[in-house]
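This report concerns only the one structure given below.
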Amino acid sequence: MKHTQILPFIFLLMSCYFMMGQAVFGVQFPIENREQKCRQCMEAFRNKPKEVLFSIKRDDREGLYFEINSKEWAYQLFKDTKDGIMIDIVSKDRYDCATQKLEPSSYGIVGDIKKPIYAATLKKGLKKQPNGKYRVKVGVVPVPLRGKELEFNIYFINDNYFCRYNRFYDLKSYRLELLDMGMYLDSLTYQSEIKDFSQISEGFKLKYKTLKFTIPFEKNKATYATDDIKPVYDSLHLTDYTIKTIDIKAYASVEGSLKRNIALQEGRAASIVEALQEFQKPAIKTKISATENWVEFLNTIPTTEYASFSDLSKAEIKAKLMDPNINADLEPYLQKHRKAVITLSLQKKDSYKTMSNDQLISLYKNAVLEENIEKANELQNTIFERIKGNEISPDKISTLDVPAQKQFAQLANKNTSLTYMINEREVLRTYTKLLELDRLLPRNKKIKYNICATKFKIWRHRIQPVKTEAFKKEILALKNYGVSQVLIDRMLINYHIIKSESYMRKRDFAAKDKSMKYIYTRYKKIVLTNDDYLNLAQYFTSYANIEYAIELLKDRVKSIDAGTDLLFYYLNLTLVDKELTKERDYRTMMLNAISKDQQRFCKLFDPFGEGGVTFQLLENEYLRKAYCENCNTK
């Protein structure tokens, strides 16, 4: 699944440390009157525009440079002769998993601290670079540290006092989107995410009819026969449908060898695909993933007499489960963890599948000329399916025009709505066309709904003015045309997301908070997808309401079907919270993320500036334990 575009940004976290009667390279730690002694430094940071960014850069010759994008702010920071910086060089070797316990940090300094560089050197040496930033050389990497994975912290000095210690965190953020409202074609069809409002993505996908079900796995049973699957197949009433794709997520219970468990689950999943394949030709496109079900195990175990297992490592738990008595006690739970979650994407059987694209379009046009609406609708759906499968260019929708007459309004609604779903730049043209169709069918719920859905984009991107109170009444009035309250509630949440943005531009914080409170209470009344959870969490964090975001996500991220992007967003949101990472539920969430994408989890602890958040997160013993358990390949 494509996700929205990922944009990096830097969080600077501050911690201050004090030392009694000692100094480092002559620089003192303020014991008393810190506010006064560090006043200039603290004031500079309070007044620092969020656009001002700085860091330490390392070049190919092992030189170290202080780099900043605002020379003016640097001059405010380094005003006096005794203002400056010290570089703390930290090697990832510090966090070697073979080390039982980390060396305690000295007043926040965890690496190799370098001599201070003072204002005169910093200001004189700042030179503008081709990228528009300014940099000054502040030292070199010591020979013993060259060739190692390094990060660089900064101690800011004010009047020869240590005043601010910065570590750098490179966290990922997803673009904030509205909840997906979809568009009514024959039924409500949801949009795929598009990278940017001003450009069409390379491909597009529509969420068509899917079926999701679970098949339990019997212990030690490795294969499934056609006879095993037939009752499931029959119960799904698939005789009128073709299975286009099968997505199987196979879960093993946690006892036994990891390698054997994964192989067994992959074999079971493959046998299910093979059995389903017996019912149709051609071959079904399949996707199989297999993992051990640590999530449900850790969710279950606290309710048993073996609750203490939650605090053990995975290897320790597996060792405990080798005890026949413990294994037998837990088998009623373990058997529920062996299963396959199967998602089928279906397409109604197509009587036109042997017909060429040009023949299809020609036949559709003839059906329109003959006013055979039923046949035209059937052909239109077939053409849409081929567009969905990239067999027909989306540009061909323009050849499916129909007369501006009442009997053709539904066909026209589908044509113009799909055009917009493929390319949101068509929003104003789509909106105008829908208003014309509304005049032909003034009480049609699909057209009314689609008008509101497109109007959100027009309003949010300020394509043309929208009278907000009148628009709210228009949304509420959808109930009069048969639109469900759940869909109206989703629109009202989006309404307040956009209103919040408007209030912030006007600096009306009280009104913004009121809209946020409305969203917080209303989202609990609707069914949320993974994308919805992600968008709402981003909404809350964009206004610094981390508590709302965590409350929204804390249960969802323990669920086995939580989305990968959602899990990693939650990780980014909470990794620096030392209290939260201590909790058992946090470990469950981390193992959920690891089971979805172990490599992505491990990369969080790569060096800052090289794709990781920062490996200094491993100062946290709970994160280090998870890292060493799942990422240590040495």
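List of remarks:
- Selection status of Gln616, crowded, with 21+ Cβ neighbours inside 10 Å and either in contact with a helix residue (DSSP H, G or I) (Cβ under 7 Å, 6 or more places away or on another chain) or in contact (Cβ under 8 Å) with a residue 24 or more places away in the chain (or both): yes
- Within segment 383-402, the set of residues being assigned to a helix (DSSP H, G or I), more than 13 Å from Gln347 (Cα to Cα), touching a helix residue (DSSP H, G or I) at 6+ places or on another chain (Cβ under 7 Å) and not hydroxyl-bearing (Ser, Thr, Tyr) comprises Ile387, Pro394, Lys396, Ile397, Leu400.
- In segment 113-152, the residues that are within 19 Å of Glu610 (Cβ to Cβ) and in contact with a helix residue (DSSP H, G or I) (Cβ under 8 Å, 6 or more places away or on another chain): Lys148, Glu149, Leu150, Glu151
- Pick from segment 301-343, criterion of a type in the set (A, V, I, L, M), farther than 28 Å from Lys625 by Cα and out of contact with any Asp or Glu (no Cβ under 8 Å at 6 or more places or on another chain), ranking: surrounded by the most Cβ atoms within 10 Å (Cβ to Cβ): Ala340
- Residue list for segment 44-61, filter: under 31 Å from the mean Cα position of the chain (by Cα) and of a type in the set (Gly, Ala, Ser): Ser55
- In segment 469-488, the residues that are not hydrophobic (A, V, I, L, M, F, W, C) and not in a helix (DSSP H, G or I): Gly482, Ser484
- Of all residues making up segment 288-308, the number that are over 15 Å from Ser253 (Cα atoms) and not acidic (Asp, Glu): 7
- Of all residues in segment 62-101, those satisfying the criterion of being more than 30 Å from Val52 (Cβ to Cβ) and over 32 Å from the mean Cα position of the chain (by Cα) are Ala98, Thr99, Gln100, Lys101.
- Contacts under 8 angstrom Cβ, first residue in segment 592-606 being surrounded by fewer than 21 Cβ atoms within 10 Å (Cβ to Cβ), partner not in a helix (DSSP H, G or I), 6 or more apart: Gln598/Cys631; Cys602/Cys631; Lys603/Gly611; Lys603/Gly612; Asp606/Glu149; Asp606/Gly612
- Only one entry of Thr214, Thr210, Thr245, Thr239 meets the criterion of being modelled with pLDDT under 85, surrounded by fewer than 16 Cβ atoms within 10 Å (Cβ to Cβ), under 30 Å from the mean Cα position of the chain (by Cα) and not small (Gly, Ala, Ser), and that entry is Thr210.
- Taken together, Ser356, Ser393, Ser351, Ser345 contain a single residue that is farther than 15 Å from Ile422 by Cβ, under 32 Å from the mean Cα position of the chain (by Cα) and not hydrophobic (A, V, I, L, M, F, W, C), which is Ser345.
- Of all residues in segment 276-294, those that are in contact (Cβ under 8 Å) with a residue 40 or more places away in the chain have Cβ atoms under 8 Å from Cβ atoms of residues that are in a loop (DSSP other than H, G, I, E, B), 6 or more apart or on another chain, in Leu276/Ile284; Glu292/Ser253; Glu292/Val254; Asn293/Ser253; Asn293/Val254; Asn293/Arg338; Asn293/Ile560; Trp294/Val254.
- Any hit, segment 539-559, residues being buried (at least 16 other Cβ atoms within 10 Å of the Cβ), among the basic types (Lys, Arg) and touching a residue at least 40 places away in the same chain (Cβ under 8 Å): yes
- Condition check for Ala453: assigned to a helix (DSSP H, G or I) and buried (at least 21 other Cβ atoms within 10 Å of the Cβ): yes
- Subset of segment 509-537 (residues that are touching a residue at least 40 places away in the same chain (Cβ under 8 Å), of a type outside the set (A, V, I, L, M, F, W, C), over 23 Å from Lys472 (Cβ atoms) and part of a helix (DSSP H, G or I)): Asp531
- Among (1) free of Cβ contacts under 8 Å to residues at least 12 places away in the same chain; (2) of a type in the set (Val, Ile, Thr); (3) in a helix (DSSP H, G or I) - the single one Val466 does not satisfy: (3)
- Some residue of segment 508-516 being surrounded by fewer than 20 Cβ atoms within 10 Å (Cβ to Cβ), among the aromatic types (Phe, Trp, Tyr) and touching a helix residue (DSSP H, G or I) at 6+ places or on another chain (Cβ under 8 Å): yes
- Yes/no for Met491 being assigned to a helix (DSSP H, G or I) and modelled with pLDDT under 95: no
One line per residue, one yes/no per condition, for (1) more than 27 Å from Asp247 (Cα to Cα); (2) surrounded by 15 or more Cβ atoms within 10 Å (Cβ to Cβ); (3) in contact with a Phe, Trp or Tyr (Cβ under 6 Å, 6 or more places away or on another chain):
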residue: Leu346; (1), (2), (3): no, yes, yes
residue: Lys353; (1), (2), (3): no, no, no
residue: Asp358; (1), (2), (3): yes, no, no
residue: Asn366; (1), (2), (3): yes, no, no
residue: Leu369; (1), (2), (3): yes, no, no
residue: Thr382; (1), (2), (3): no, yes, yes
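- Residue pairs meeting the criteria (Cβ under 6 Å; at least 6 apart or on separate chains; first outside the structural domain of Ala269 (by TED's automatic domain parsing) and without any contact (Cβ under 8 Å) to a residue 12 or more places away in the chain, in segment 317-342; second surrounded by 14 or more Cβ atoms within 10 Å (Cβ to Cβ) and part of a helix (DSSP H, G or I)): none
- Matching residues in segment 78-121 - criterion: being of a type in the set (A, V, I, L, M) and farther than 21 Å from Arg58 by Cα: Ala98, Leu102, Ala120
- Cross-chain or 6+ apart pairs with Cβ under 9 Å, segment 225-245 first and under 10 Å from Leu344 (Cβ atoms), then outside any helix (DSSP H, G or I) and at pLDDT below 70: Tyr241/Lys209; Lys244/Tyr208
The values are calculated or read from the model by the stated rules, or taken from the named source; none is laboratory data. Note that this is a predicted model, so its numbers are computed, not measured. Neighbour counts are summed over all protein chains in view; Cβ atoms, including those assigned to glycine, are modelled from backbone coordinates with ideal geometry.
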